1. Which is the longest run of the chain containing none of the chymotrypsin sites (Phe, Trp or Tyr not before Pro) found in DSSP loop states (not H, G, I, E, B) with at most 13 other C-beta atoms within 10 Å?
2. Under the definition of Cα pairs under 8 Å and six or more residues apart, what whole-number percent is the relative contact order of the chain?
3. Let me check against my output: what whole-number percent is the relative contact order of segment 61-112, with C-alpha pairs under 8 Å and at least 6 apart?
4. Which trypsin sites (Lys or Arg not before Pro) in segment 1-57 pass both tests, a DSSP loop state and at most 13 other beta-carbon atoms within 10 Å?
5. Please identify the trypsin sites (Lys or Arg not before Pro) of segment 59-143 that satisfy two criteria: DSSP loop assignment and at most 15 other Cβ atoms within 10 Å. Which are they?
6. What aspartates and glutamates could a cross-link reach from Lys125, if we take a straight Cα to Cα line under 17 Å and drop same-chain neighbours fewer than 8 places away?
7. Please order Ser61, Ser39 by the number of other Cβ within 10 Å, starting at the fewest.
8. Between Trp137 and Leu108, what length comes free when the chain is fully extended (0.36 nm per residue of separation minus the Cα-Cα distance, one decimal in nm)?
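Only the coordinates and a few stated rules stand behind these numbers; no lab work does. Nothing here was measured: the structure is a model prediction, and the numbers come from that model. Cβ sites come from the backbone with ideal geometry, for glycine too, and all protein chains shown count toward neighbours.
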Amino acid sequence: MKIDYKKLLISIFIPLALGGIVGFLTSGSNTYQNINQPSFAPPAILFPIVWTILYTLMGISYYLIATSNKENEKAKRTYIIQLAINLIWPILFFTFEAYFLSFIWILLLIYFIIQMILEFYPINKAAAYLQIPYLLWTSFAGILNLWIYFLNR
């Protein structure tokens with residue numbers, strides 16, 4: 001398969017740029033530093049590093065699906081839905097400090113990530129596998145979110 005580098009870069013750029021915009025919009029919040037956190041909470045500096053990697057993997061995965069010769073409209077739509085849900089979560093958590101709602105929201109996100117993996121798998125197995133770190137990190141974030149909710153009620 002010949003790589004279309006322009007499409008690949010665009011596929012990677014879109015989630016990175018959108019994540020960057022949301023990061024910028026929520027960057028003024030000191031919520032994470034000022035709330036009670038469980039002992040397993042990672043340092044704040046880890047989050048932008050991890051999300052940069054995950055958004056890059058997401059973009060590569062989408063590229064593999066979008067350039068596939070197989071029917072992929074449903075998978076592409078699920079990708080877009082999960083990305084939108086993903087981008088709303090930090091606003092709920094950091095801007096509105098709606099910890100319980102953000103926990104419910106992250107459960108919705110996990111559902112759509114699983115759905116995306118299941119839809120990607122028959123089209124391109126590598127695209128599905130590239131989403132596993134995203135699912136694992138988001139699941140960890142969901143557990144962290146729930147603990148933060150209980151520790152800050």
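1. Counting at most 13 other Cβ atoms within 10 Å as exposed, the longest clean stretch of the chain is 97-153.
2. Relative contact order comes out at 30 percent.
3. Relative contact order here is 31 percent.
4. Counting only loop positions with at most 13 other Cβ atoms within 10 Å, the trypsin sites (Lys or Arg not before Pro) in segment 1-57 are Lys2.
5. Lys70
6. Glu71, Glu73
7. In order of increasing Cβ crowding within 10 Å: Ser39, Ser61.
8. 9.0 nm
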